[in-house]
Amino acid sequence: MPGFGDVVQKAFYLGIGLASYAGEKAGSKLAELRSQAQKLADEMVARGEMSTEEARRFVEEMMKQAQVPGSTEETKEEKTSTEPRRIEILEEDESPTTPVDNTSSDDDVDKLREQVRQMQEELRRLQREG
């Protein structure tokens with residue numbers, strides 16, 4: 001029967017895996033969006049509907065909008081509320097705490113990736129020692 005340490009280690013690995021997967025998925029979705037926006041802009045330039053400079057700005061604006069929290073349809077519906085959406089993780093005996101700020105940017109993603117990398121290195125080191 002696996003010990004408590006094994007369960008904790010597996011849960012930790014699962015968390016790292018999910019964080020890594022989410023980062024990769026977000027990156028691939030952004031790349032796909034950039035590609036689609038670029039294709040649309042190229043078509044409009046080819047038809048003479050916009051200049052090359054306008055197309056560049058259009059693609060940049062689309063990417064900015066994609067990275068801004070609240071740019072999806074789901075969150076637009078939630079914006080009708082006067083308060084920001086609160087995300088809380090509670091244990092059985094815990095009471096609610098300060099809401100989590102769910103803003104994100106490229107810097108946040110890079111920081112999370114770096115933290116995941118550091119955790120993976122720490123786990124490898126611990127496995128070698130153990």
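Rule-based calculations on the coordinates, nothing more; no lab input. A quick note: this is a predicted structure, and the numbers were derived from the prediction, not measured. All Cβ positions, even for glycine, are placed from backbone atoms using ideal geometry, and neighbour counts span all protein chains on display.
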Would you work out the charge dipole size for the range 1-60 about its Cα centre, treating the Cβ of every Lys and Arg as +1 and the Cβ of every Asp and Glu as -1, and quote it to the nearest 20 debye? 180
Mind checking the range 1-50 for trypsin sites (Lys or Arg not before Pro) that DSSP puts in a loop (not H, G, I, E or B) and that have at most 13 other Cβ atoms within 10 Å? Arg47
FRET efficiency for Glu53 and Leu112, using Cβ-Cβ distance with R0 set to 30 Å, rounded to 0.05: 0.30
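Sort Tyr21, Tyr13 so that the residue with the fewest other Cβ atoms within 10 Å of its own Cβ comes first and the one with the most comes last. Display every interim value, and only then the final one.
Working: Tyr21 10, Tyr13 13.
Ranking Tyr21, Tyr13 by Cβ neighbours within 10 Å, fewest first, gives Tyr21, Tyr13.
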